[in-house]
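Asks: I have a structure I would like to understand better, so I am pasting it below and will then ask my questions one at a time.
No value in this document is a laboratory result; all are computed from the given coordinates. Keep in mind it's a predicted model, so treat the numbers as computed, not measured. Reconstructed Cβ throughout: ideal geometry from the backbone, glycine too, with neighbour counts over all protein chains shown.
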Amino acid sequence: MVCLGNICRSPLAEGILRSKLPKTHFFIDSAGTSGFHNGSPPDPRSIEVAQKNGINIDNQKSRPFRADDFESFDLIFVMDSSNHRNVLKYAKSEKERQKVNLILDYPGSKTKEVPDPYYGGDKGFESVFKLIDAGCDYHSQRLIKTI
């Protein structure tokens, strides 16, 4: 799961997807395309909206996306087209590029972009949670079929 700073959207996405998949078959992590918040916990508003929905993300720490993430992960979900472009800069092959997908790129989604709620209020975090939750529902159902 990748967003810009790895403190708002991608920690939520990590926590949401982790809650939907069996831990014995999947390793889920998150990162940011910038190193601005390296080592920081998620934004308190992300922690709060996750807790309201029964998900604990307060133990996560921000880290930057690295080229070796392509070796560690089979799929890389990004939150928006800017993150998509930035992650693809690290890809060394078509196989690696194929791993990168927008989290909201699925049939029936009304948008492909998860907006960054950082400068918005609490309602922005709630709507982002709902968007990511819907994307994770779709992708988790596909992933469960692989085990």
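Asks: Please order 33, 24 by the number of other Cβ within 10 Å, starting at the fewest.
Replies: The order, fewest Cβ neighbours first, is 24, 33.
Asks: Test of understanding: what is the full-extension gain from residue 111 to residue 138, defined as 0.36 nm times their sequence separation minus their Cα-Cα distance?
Replies: 8.3 nm
Asks: Pulled fully out, how much extra length does the chain show between residue 25 and residue 147, if you take 0.36 nm times their separation in residues and subtract their Cα-Cα distance?
Replies: Taking residue 25 through residue 147 to full extension adds about 43.2 nm, to one decimal.
Asks: Which order, highest average first, do 107-114, 50-57, 123-130 follow once you tally other Cβ atoms within 10 Å for each residue and take the mean per peptide?
Replies: Most protected by this proxy first, the peptides run 123-130, 50-57, 107-114.
Asks: Another question, if that's okay. Find out how many positive minus negative residues lie around residue 71, taking Lys and Arg as positive, Asp and Glu as negative, among other residues whose Cβ is under 12 Å from that of residue 71.
Replies: Net charge in that neighbourhood comes out at 0.
Asks: Can you compute the modelled spin-label distance between residue 52 and residue 67, with each label point 7 Å from Cα toward Cβ, in nm?
Replies: 4.2
Asks: Each residue of the stretch 115-129 in turn: what ³J(HN,Hα) in whole Hz from Karplus with 6.51, -1.76, 1.60 and θ = phi - 60°, glycine and Pro shown as x?
Replies: In residue order, the calculated couplings are x, 7, x, 3, 8, x, x, 4, 4, x, 5, 5, 5, 5, 4 Hz.
Asks: Rank-order 9-15, 73-79, 60-66 by packing density, defined as the average count of other C-beta atoms within 10 Å over each peptide's residues, highest first.
Replies: In descending order of packing, they fall as 9-15, 73-79, 60-66.
Asks: What is the log10 of I(q)/I(0) for the stretch 9-51, computed with the Debye formula using one identical point scatterer on each Cα and no solvent, at q = 0.26 Å⁻¹?
Replies: Scattering profile of the stretch 9-51, log10 relative to I(0): -0.98.
Asks: Continuing with the same structure: Near residue 99, which lysines are there with a Cα under 28 Å away, not counting those fewer than 8 places off in the same chain?
Replies: Within reach: 20, 23, 61, 89, 110, 112, 130, 145.
Asks: Report the semi-axes of the equivalent ellipsoid for the chain in whole Å, largest first, where each axis is √(5λ) for an eigenvalue λ of the Cα gyration tensor.
Replies: Equivalent-ellipsoid dimensions as semi-axes: 21, 18, 15 Å.
Asks: Which residues' amide hydrogens lie under 5 Å from the amide hydrogen of residue 4, considering only partners 5 or more residues apart or on another chain, with H built in the peptide plane?
Replies: Answer set, sorted by chain and number: 33.
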